Amino acid sequence: MSTSLPTRYDFAASEEALYAMWEDGKYFQPETTTDTDGVSFMSKPREERPDPFCVMMPPPNATGILHLGHAARMTTEDIMTRYHRMTGKPTLFLPGTDHAGIATQSKVEHILLEEEGKTRHDLGREAFLERVEAFVQDSQDTIRNQVRRTGASCDWSREAYTFSPKLNKGVNEIFARMFKDGLIYRGARSINWDPKLKTNVSDDEVEYKEEKSPFYTFQYGPFQIGTVRPETKFGDKYVVVHPEDERYAQYTHGDTFECEWINGPITATIIKDEAADPEAGTGAMTITPWHSQVDFEIAQRHNLDIEQVIDLEGKLLPIAQEFAGMPIEEARQRIVEKLEQKGLIVSIDEDYTHNVATNYRGGGVIEPQVMKQWFVDVNKPAVQVNWKPGEMLSIKEALQSAVRDEQIQILPERFNKTYFSWIDNLRDWNISRQLWWGHRIPIWYPEGAVGDETQAVLEEDKQDGVTYVQDEDTLDTWFSSMLWTFSAHGWPEETDDLEYFHPTSVLETAYDILFFWVARMILASTYARHEVPFKTVYLSGLIRDRSGAKMSKSKGNGIDPLEMIDKYGADAVRLSLIVGTTPGNDSRLYEEKIKGYRNFSTKLWNIARFILNKFPDVTAAPTPVTLADNWILSRLAAVRDDVTTGLDTYNLGVGGETLYAFAWHEVADWYIELLKDESQNDSGPVARFVLEELLKLLHPYTPFITEEIWKHLEKPEALIVTAWPTPLEQDKEVEAAFNVVTDMIEATRSIRGTLRIPAEKELTASTTADLSEEQRRAIAQLARIQFEETPREGASVIAHGRLNALTLSIEGAVDLEAERSRLTEELQNEESHSERIQKKLSNTKFVEGAPTEIVQKEREKLERAEHKIGLLKGQLEQLG
RNA sequence: GGGCUCGUAGCUCAGUUGGUUAGAGCGCCAGCUCGACACGCUGGAGGUCGGAGGUUCGAAUCCCCCCGGGCCCACCA
């Protein structure tokens with residue numbers, strides 16, 4: 001019936017063996033889920049299958065190692081996956097890795113430079129790509145093994161990679177479709193250039209950092225203009241003021257004037273535009289359209305000349321004359337010196353803070369440039385979605401509609417607001433990168449017309465007899481990861497998986513990539529498949545250290561999840577990452593926390609060890625024989641329902657905590673303590689049942705130790721595919737018996753917390769009220785206790801009894817007068833409360849105006865209040 | 001500037017739609033080497049719920065203001 005457990009749980013040995021057992025058993029594959037006749041659902045036609053559960057792993061970058069954030073992702077997704085699998089649905093957790101354009105390329109470039117002193121140009125494109133490829137393959141192996149260590153039950157037979165030939169097909173396909181629909185275009189725009197990595201990045205990849213730098217005010221003809229970037233001012237020949245600005249009312253738009261400037265006299269033109277803020281400084285500014293997005297827009301509005309001042313290396317161009325070729329920092333200083341000599345400096349504010357744009361990957365200072373790039377048009381209507389047949393939406397509208405029309409639910413809800421405001425500010429998405437590592441833009445130009453968008457064609461539109469050259473650039477890495485929910489299922493081919501598992505059930509990721517990834521997956525899926533990519537977005541918080549700081553290598557405050565798994569076991573790490581977390585909120589992690597959950601593993605192990613040793617052979621149904629049995633069964637049912645509800649509503653942390661407390665403080669500290677008494681010798685079936693149900697409920701959270709214990713129960717099936725606990729027939733009886741006891745306790749207003757009933761100690765309840773005949777009978781029956789006489793003034797004990805190891809006694813009244821006034825006061829409160837609700841409910845404006853469920857709630861409140869009034873009155877009567 | 005979020009025991013956090021005496025884990029103190037577990041058991045100390053005001057019979061919970069921390073977006077000529 002069962003084999004005994006070793007004294008200690010050797011998690012290291014168990015974890016490896018168990019994961020291998022699960023993989024060998026193909027339990028991670030949806031094909032393994034069968035109907036009651038043992039027929040795989042996946043072998044049946046689509047209409048005969050139940051609704052599946054599918055979650056896509058956010059693919060870790062193929063650059064190295066698994067960090068704590070990844071481990072948290074895996075755990076959260078795996079808990080959902082394992083739960084749904086146990087409910088009998090075909091379940092798919094699809095793993096994979098991301099080629100991560102910028103991150104990977106710069107990492108390999110860095111290694112190359114460090115180890116061989118070479119740049120990627122020394123190697124050439126092809127050789128460099130081979131190097132990256134080798135590096136990635138190596139990293140992927142590491143990642144795969146690390147993911148396994150977390151216990152993630154993902155289907156490795158379906159593993160995907162964002163840069164595989166298969167997914168490349170998907171990228172080319174969607175590019176081609178969007179290109180033909182006019183959603184992708186090439187044009188010269190102001191873009192964010194990173195001179196360090198020599199590529200441009202999208203608006204979302206720009207991270208602003210606060211910095212202190214001198215703020216100069218210069219004399220510019222009759223105007224005074226301010227800047228922190230004197231080095232960009234060579235090309236400035238326009239002064240912009242607000243049309244309503246009184247100070248400059250004497251000038252009209254288009255007026256010109258001569259003035260002395262850095263390299264001699266220039267002619268400047270006055271532009272009136274509302275972009276100039278009269279409140280800021282002097283209200284007048286010069287503009288540098290080539291190197292500022294805002295200025296670029298002003299220039300476009302008025303059709304002004306734009307000139308490049310700084311090159312792609314971050315050095316000044318010949319327009320700067322004597323300063324040409326200088327890097328920015330040096331030039332800035334020299335220019336200030338020169339302007340000072342010319343007497344054109346009005347003031348210098350050394351204490352000025354402003355925001356500097358940097359590349360969030362790699363941290364180079366962004367220099368806006370005007371360049372021809374590929375963009376996705378977010379305003380052109382070209383998207384059809386299946387929940388709004390016949391309408392043609394723009395990308396912006398489709399993104400909004402998916403959430404606004406409740407096709408997608410974002411958890412926590414407050415992120416809706418963030419999401420919508422991001423869309424409101426969304427500009428055309430720059431998708432081309434000057435990197436080598438990535439999906440190459442599937443566009444060809446006739447030789448000699450490279451970069452000319454008017455002659456750009458797709459592969460399929462190449463003409464015979466013309467020699468073509470492919471676009472040099474690659475695509476933003478998010479352009480491929482946005483396809484993840486469907487390209488990983490084989491899109492553009494209509495595979496069975498794609499049809500069955502898409503839209504996926506839930507997308508779990510940290511909130512910091514809501515824009516980068518989540519929004520763009522919605523973009524891709526609505527455009528390419530007319531449906532949403534997932535029904536629910538579960539946004540996790542970030543993991544921080546004990547003091548709330550972000551974990552990072554440079555700070556040295558990071559915790560290596562693998563090291564922790566080695567030390568405390570995967571189950572402990574999983575619990576520490578999930579208990580106490582709620583969607584969208586950051587959580588803190590430190591070693592003691594993990595240690596605490598390792599202790600829990602040991603506790604669970606010993607619970608099992610005790611029960612299996614005491615009751616090795618049990619076949620009978622779990623029929624309660626004592627009050628304690630009843631109690632634990634009814635608590636188990638409540639815990640089961642709480643945990644199930646928690647998992648269904650994505651309250652994973654609460655479920656874990658509930659189980660932790662139940663197992664430790666109720667099963668171990670209370671129930672098992674009672675089991676030690678020989679009068680509980682018939683409780684084997686209940687004890688075994690409690691253990692088994694507990695293991696099932698805990699399995700999604702702590703898969704390894706529960707499966708290991710399960711092995712000793714000698715069951716026909718592995719725990720991983722055992723059916724999730726559901727309500728039992730006998731729940732009702734157990735519940736009824738439990739209610740009698742709790743009612744009794746309620747009536748005697750006793751024991752708060754209810755379950756801390758130590759063995760061999762008294763269960764006490766103080767009361768002034770007598771128990772009803774019915775309650776006495778029930779208690780007497782369950783607890784086999786004898787009642788003494790009715791309460792008398794000052795009596796200390798009105799009932800006393802003993803149930804096996806459990807002594808139950810009910811204390812009598814001490815101060816009838818105090819009790820009377822307390823009850824009276826409470827009654828008054830309750831009555832006025834009920835009056836207030838009645839008043840509210842007699843208000844027709846409220847009843848007709850408020851939502852029905854609110855009114856309903858008020859009615860329920862009233863009922864409760866009146867019930868309580870009845871109780872209180874009864875109690876008062878009994879006091880006389 | 002716009003928005004979000006947090007402030008509860010020494011530390012990390014729970015506290016459902018307002019409802020008896022505000023909870024847990026760790027830490028601390030006292031006592032337990034009784035055959036599941038010292039990665040343990042039993043008990044205990046410790047909180048004017050950031051501050052002030054308001055609504056209410058009743059506020060950690062709802063509203064206003066203030067203080068302090070974190071985050072996102074816009075923008076800084």
So the FRET efficiency between A:Glu274 and A:Val450, C-beta based with R0 = 60 Å and rounded to 0.05, is 0.90
Write down the accessible area per residue of the range A:1-128 in Å², having rolled a 1.4 Å probe over the full set of protein chains.
-> 42
How much solvent-accessible surface does A:Arg414 expose, in Å² to the nearest 10, with a 1.4 Å probe and all protein chains in place?
-> 120
Largest first, what is the accessible-area ranking of A:Asp617, A:Asp78 with a 1.4 Å probe?
-> A:Asp617, A:Asp78
Identify the residues of the range A:1-33 with backbone N under 14 Å of a label point that sits 7 angstrom from the Cα of A:Asn606 along the Cα-to-Cβ direction, or state none.
-> A:7-9
Linear extension gain, A:Thr495 paired with A:Lys166, 0.36 nm per residue minus alpha-carbon span = 117.2 nm
Which pairs, out of A:Lys107/A:Lys233; A:Lys26/A:Lys89; A:Lys237/A:Lys272; A:Lys603/A:Lys676; A:Lys550/A:Lys593, put more than 24 Å between their alpha-carbon atoms?
-> A:Lys107/A:Lys233
Counting Lys and Arg as +1 and Asp and Glu as -1, what is the net charge of the other residues whose Cβ lies under 11 Å from the Cβ of A:Leu123?
-> -1
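Counting heavy atoms of the protein chains only and a 1.4 Å probe, report the per residue accessible area for the range A:533-617 as a whole number of Å².
That works out to 41 Å² for each residue.
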Would you pull out the residues with amide H under 5 Å of A:Asn430's amide H, same chain only if 5 or more places away, H placed 1.01 Å from N?
-> A:Asp203, A:Val376
Stick to the Cα atoms of the range A:648-722, pair each with every other, and give me the Kirkwood hydrodynamic radius in Å at one decimal.
-> 13.5
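Relative contact order for the range A:92-174: what is it in percent, counting Cα pairs under 8 Å that are at least 6 residues apart?
Working: 46 pairs, mean separation 47.1, N = 83.
Here the relative contact order equals 57 percent.
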Measure off, as a whole percent, the carbon and sulfur share of the 1.4 Å-probe accessible area of the range A:38-194, all protein chains present.
-> 50
Based on the Cβ-Cβ distance from A:Ser4 to A:Asn585, what FRET efficiency comes out when R0 is 30 Å, to the nearest 0.05?
-> 0.10
Describe numerically, in nm with one decimal, the distance between label points set 7 Å from Cα along Cα→Cβ at A:Asn263 and at A:Asn681.
-> 10.4
Heavy-atom accessible area of A:Lys715, protein chains in place, probe 1.4 angstrom, given in Å² to nearest 10, is 80
Of all the accessible heavy-atom surface of the range A:583-740, with the other protein chains kept in place and a 1.4 Å probe, what percent is carbon and sulfur?
-> 48
What is the calculated FRET efficiency for A:Tyr208 to A:Thr645, with r their C-beta to C-beta distance and R₀ = 35 Å, to the nearest 0.05?
-> 0.25
Counting alpha carbon pairs within less than 8 Å and at least 6 residues apart, what relative contact order, in whole percent, applies to the range A:403-534?
-> 23
Rounded to a whole number, what % of the accessible area of the range A:220-367 do carbon and sulfur atoms account for, probe 1.4 Å?
-> 46
Relative to the present Cα-Cα distance, how much length would full extension add between A:Ser347 and A:Glu133 at 0.36 nm per residue of separation?
-> 71.6 nm
Enter the accessible area per residue of the range A:288-421 (Å², integer; probe 1.4 Å; all protein chains in place).
-> 51
Cβ crowding within 10 Å averaged over residues, with A:448-461, A:127-140 ranked highest first = A:127-140, A:448-461
Counting only protein chains, not ligands or nucleic acids, how are A:Ser2, A:Ser157 ordered by accessible area (probe 1.4 Å), most first?
-> A:Ser157, A:Ser2
Inter-centroid distance (Cα atoms) of the range A:91-168 relative to the range A:38-61, Å | 27
Cα extents of the range A:151-243 per principal axis, largest first, Å, are 71, 41, 27
Separation of alpha-carbon centers, the range A:342-398 and the range A:419-482, rounded to whole Å | 18
How much of A:Thr232 can a 1.4 Å solvent probe reach, expressed as accessible area in Å² and rounded to 10?
-> 10
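The values are calculated or read from the model by the stated rules, or taken from the named source; none is laboratory data. Not measured: the values here are computed from a predicted model. Glycine also receives a Cβ, built like all others from the backbone with ideal geometry; neighbour counts cover every protein chain displayed. Just so you know, the surface numbers come from the protein's heavy atoms only, side chains and all, with ligands and any DNA or RNA stripped out. Shrake-Rupley method; radii C 1.70, N 1.55, O 1.52, S 1.80 Å.
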